[in-house]
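> Below is the structure I would like to discuss, written out as C-alpha cells.
Quick note: the coordinates plus some simple rules give every number you see, no bench work behind them. Quantities reported herein were computed from a predicted structural model and do not represent experimental measurements. Glycine gets a Cβ as well: all are built from the backbone with ideal geometry, and neighbour counts include every protein chain shown.
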Amino acid sequence: MTSSNQSFYETTLKNFDQAAVLTKWPKGLLAQIRECNAVYQMRFPVKVGQHYEVIEAYRVQHSQHRQPTKGGIRYSSMVDQEEVMALASLMTYKCAIVDVPFGGAKGGIKISPRKYTKDALQKITRRYTVELIKKGFIGPSVDVPAPDYGTGEREMAWILDTYQTFSRGSEIDAAGCVTGKPVRQNGIRGRTEATGRGVYYGLREACDHANDMKALGLTPGIAGKRLVIQGFGNVGTHTALIAQKEGDAKIVAIAEYNGTIYNPDGIDIEALIKHKANTHTILNMKGTKTIHKKDGWLSLDCDILVPAALENQIHMGNVNKIKARIIAEAANGPITAGAEDVLVKKRTMILPDMYLNAGGVTVSYFEWLKNLSHMRFGRMDKRFNQNTYVNIIDAVERLTEKKIGKKEKRLITRGADEIDLVRSGLEETMVNAYDAIRDTYKRRQKVPDLRTAAFIVALDKVANDYMAMGVFP
C-alpha cells in the first residue's frame, strides 16, 4: 500500500518508524513500544425495541509502561480494530508528551449514535462496560475510559454506575474508573472544554514564536489570525469560542459534514452556538455564506486550518487545495501520510494531534487525581489565599495611604476556584510540552517536522520507563 492511501494505523506506524530511527534506543525495545499490548474484540447482543442486535466493540491497551492505561471510547459506524489500535498508540505518546502518568488505551463501539434512542444507547453502554469488567479492562488502577467522538458525560455516568454496581461499594476509589463524568457525579469543572482549550493554548504558544511565524510569512501572536475550523462538535466549538474570546482570533469559516459557513470578516461564535441550538445545523446562519461543496472548507483563504472532526480528512485527493500556513490537528489523524509529505515540502507548519489535542487527557488526569483524593481542588486553600491577598492589599493601602477600588480589590484578592486551577494546570502543561517539542525540532539534526519531534520526545520518555523497570522475569 502506498503512502497516498495508507490506513490511519499504517500512518501512525510510519510516523513512529520515522522518529524511531532518530533515537538511540535498541531495536527490540522500540519494537515493544511500537506494538499494542492487548486487543480485546467483542460481540454482544442488545435488545433494541422489539429486535436483538449484535454489537461490535473494542478495547485496546497499547502500553502498560505506566498504569492505569487511559483512553476514550468512541461511538461511530466507522470504528474498526485498526482505528482503535491507532488511537490507543497515539494515547501512549500523547500522555508521555504532556507528562501524564498513564499508558495509552482506546475503546470503540461500531454504531452510529444518531440512529439509537437514549434508552438503547444506555443498554449498549452498560453492556459494553460489563464486558470490560469481565475481562479486567476497566478500573481506577487498571484502565480508565473517557469520552471521545460520539460520547460525552452522559455515557461516562452510565459507565460509572455500572462499575459501582458490580463492585458493590467495596472499592473506595471506584469513581476513578472513568473520567469525563458530570461534575455532580464526581467529575471536574473544565473537562468539557478541555480539549478545545488545550488546542487554543497550543496554537497560542506556537504563534508566539516570532521567528517561526516570520518563516511562514505571518506576524507573531494569535490575535487577528484567520481560522477555518472543520467540525463544530465539542472540540471545534470550544476551540472556536476560546480562540475568539480570549485570543482575539478571527473565525472565518466553520465546516460540518453537510456544508460550510463562511464570512471573511469573522463569524460570531456565540451567535452560531445559539443558531445551531435553534435550527440543529450551522448552515444558513445570518451574515454568512453557505458552501455545500464537500471539501469547500479546505480551499478557503486563511492562516490556520483546524481539522477537528475525524481522521484522514486531508489526503492526496485534496491536499493541494490548502492555502493555510498552519494546520492545527485538533482531531486524531486528520492528515494521511502522503498528504503530510506534500505539506512538509511546502513548509506548512503542522501542529501534531498527539500534542495539540492532549488537553482532554490532561484534565482527565486532574479528574482522576480528584477522584483518588476525594476532594475538590481549591477547597483547602481558596479562602486562605484570598485572606492573605486581602491582608497584603490592606498593608499596601496603609503604607501608601492610597485606596484601591472595590472592583480592582475583588479581582486581585480572589482565591482560585477549581476551574481556575484546572485551566492553570492545563496551560502550564501545554506550554511546557510545546517548548520540549520545539526544542527537539530545532536542536536535533535530521528532524524534519514537529510531528517527528513530538514522537521523539514521547519515545524517549516511554523508553526510559522501560529501561528503568527492566523486563520481568
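> Taking Cα Rg over 2.2 N^0.38 Å as the quantity of interest, determine which of (i) 1.18; (ii) 1.75; (iii) 1.00 was computed from the displayed structure.
(iii)
> Still on this structure: Ranked highest first by average number of other Cβ atoms within 10 Å, how do 407-417, 262-272 line up?
The most tightly packed comes first, giving 262-272, 407-417.
> For the modelled label position 7 Å from the Cα of Lys321 along Cα-to-Cβ, which residues of the stretch 222-248 have backbone nitrogen atoms closer than 14 Å?
The answer is 229-231.
> Tally Lys and Arg at +1 and Asp and Glu at -1 over the other residues with C-beta under 13 Å from the C-beta of Ser63: what net charge comes out?
Net local charge, Ser63 excluded: +3.
> Provide the per-residue ³J(HN,Hα) series for the stretch 347-355, in order, calculated from phi with Karplus coefficients 6.51, -1.76, 1.60 and θ = phi - 60°, each as a whole number of Hz, with x at glycine and proline positions.
Once θ is set to phi - 60°, the couplings for the stretch 347-355 become 6, 6, 7, 10, 8, x, 4, 5, 9 Hz.
> Within a 10 angstrom radius of the beta carbon, how do Arg376, Arg184 rank from fewest other beta carbons to most?
Fewest-to-most Cβ neighbours within 10 Å comes out as Arg184, Arg376.
> Amide H of Gly221 versus every other amide H placed in the peptide plane: which residues, excluding those fewer than 5 positions away on the same chain, fall under 5 Å?
For Gly221, the qualifying residues are Asp208, His209.
> Would you mind ranking Tyr116, Tyr355 by Cβ crowding within 10 Å, fewest neighbours first?
Going from least to most buried by this count: Tyr116, Tyr355.
> Using θ = phi - 60° and the Karplus form 6.51 cos²θ - 1.76 cosθ + 1.60, what ³J(HN,Hα) does each residue of the stretch 112-125 get, whole Hz, x for Gly and Pro?
Listing the rounded values in order: 9, x, 5, 8, 10, 6, 4, 5, 5, 5, 5, 4, 5, 5 Hz.
> List Ile314, Ile222 from most exposed to least, where exposure is judged by having the fewest other Cβ atoms within 10 Å.
Listing Ile314, Ile222 from fewest to most nearby Cβ atoms yields Ile222, Ile314.
> So, one more: Would you calculate a helix-derived [θ] at 222 nm for the chain, using -39,500 (n - 2.57) for each DSSP H run of n ≥ 4 and dividing by the full residue count, to the nearest 500?
Computed ellipticity for the chain at 222 nm equals -14500 deg cm²/dmol.
> Quick one: what do you get for the stretch 194-356 if you divide its Cα Rg by 2.2 N^0.38 Å?
Normalised by 2.2 N^0.38 Å, the Cα Rg of the stretch 194-356 equals 0.95.
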